[in-house]
Amino acid sequence: MGDRILVVEDDDDIRELLQHHLRGAGYEVLEARDGVGGLRLARTARPDLVLLDLMLPGMNGLDVCRNLRKSSRVPVIMLTARDAEVDTVLGLELGADDYVTKPFSVREVLARINAVIRRSRSEVSEQDVPEREQIGNFVIDRAAHRVLVDGTEVRLTAREFELLSHLVAHSGRVQSREALIQQVWGVNFMGDRKTVDVHVRWLREKFAGRVPFELVTVRGTGYRLDRLDAATASTAPSAPRAR
């Protein structure tokens, strides 16, 4: 599965419609039928984006958004049947990233999800990713554009460096090929997405068995960088493993 989307919607037909199309687009989908359950899932399941209906039983979408923003910056797209400007403005002032007015086209919702996630990751990459990160004997210095293993620099191409940097920054989380292409090659890249597979293979050839992490293939989706504990790292193979 790719990015995790939480759909908070009390209308069963709309929720099932969104679930069907989101999963068809490669997303993992979580669901909640009311505001309290949606807020709980948003806090515990760590979704990549929340689709949040405005009119919910128990706790409405505005209150969910208000409470969620006290502890999380997860992107939020409001779903509303209302067309009043005041609701739109209020939702955005409370921290929603975008809104879609019902009835909506699924294509529009998917486009807005992609745009908000892309913008959110761009902001994270600029603000939250440290200039220097270390995993055991491995060091990536983003400011100097260098990678060191046991103190010795490993030569990487620009694309290899950016790909590895992104995977390290998001270690433990699956990165779809589409997301990697957007982040590393750019949204205007027109080549084959298999270029991601080729670059991952090159990185494995350079690092497998030498560092306390591994690049794991998630079948049908993409890749994940897993950090290894000391015991696992000490028994890591000396040659690249086929995956």
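The values are calculated or read from the model by the stated rules, or taken from the named source; none is laboratory data. The structure displayed is predicted, hence computed values, not measured ones. Please note: Cβ atoms are built from the backbone with ideal geometry, for glycine as well, and neighbour counts cover all protein chains shown.
Structural remarks
- Residue check, residue 150 under 30 Å from residue 111 (Cβ atoms), out of contact with any Gly (no Cβ under 6 Å at 6 or more places or on another chain) and among the acidic types (Asp, Glu): no
- Residue within region 38-52 that is more than 23 Å from the chain's Cα centre (by Cα) and basic (Lys, Arg) present: no
So that you can scan it fast, the table gives a plain yes or no per residue for (1) farther than 29 Å from residue 177 by Cβ; (2) touching a residue at least 60 places away in the same chain (Cβ under 8 Å); (3) surrounded by fewer than 18 Cβ atoms within 10 Å (Cβ to Cβ):
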residue	(1), (2), (3)
15	no, no, no
18	no, yes, no
23	no, no, yes
28	no, no, yes
40	yes, no, yes
44	no, no, yes
47	no, no, no
58	yes, no, yes
65	yes, no, no
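- On inspection, residue 2 passes the criterion of being modelled with pLDDT under 90 and surrounded by 15 or more Cβ atoms within 10 Å (Cβ to Cβ).
- The residue of region 143-169 that is nearest to residue 221 (Cα to Cα), among those that are surrounded by fewer than 18 Cβ atoms within 10 Å (Cβ to Cβ) and in contact with a helix residue (DSSP H, G or I) (Cβ under 7 Å, 6 or more places away or on another chain), is 159.
- Leading residue by the ranking (nearest to residue 206 (Cα to Cα)) among those in region 170-180 that are surrounded by 20 or more Cβ atoms within 10 Å (Cβ to Cβ) and of a type in the set (A, V, I, L, M): 180
- Subset of region 170-201 [hydrophobic (A, V, I, L, M, F, W, C), modelled with pLDDT under 90 and part of a helix (DSSP H, G or I)]: 179, 180, 181, 184, 185
- In region 112-141, residue modelled with the lowest pLDDT [restricted to those that are buried (at least 16 other Cβ atoms within 10 Å of the Cβ), within 30 Å of residue 17 (Cβ to Cβ) and not polar (S, T, N, Q)]: 121
- Hits in region 30-85 (condition: within 20 Å of residue 116 (Cβ to Cβ), modelled with pLDDT of 90 or more and β-branched (Val, Ile, Thr)): 50, 64, 76, 77
- A Cβ distance below 9 Å, combined with a sequence gap of six or more or placement on separate chains, defines the contacts here; from region 97-111, residues that are loosely packed, with under 14 Cβ neighbours inside 10 Å reach residues that are assigned to a strand (DSSP E or B) in the pairs 108/100.
- Pick from region 206-231, criterion farther than 23 Å from residue 178 by Cα and loosely packed, with under 13 Cβ neighbours inside 10 Å, ranking: modelled with the highest pLDDT: 229
- Subset of region 148-169 (residues that are part of a helix (DSSP H, G or I) and of a type outside the set (Lys, Arg)): 158, 160, 161, 162, 163, 164, 165, 166, 167, 168, 169
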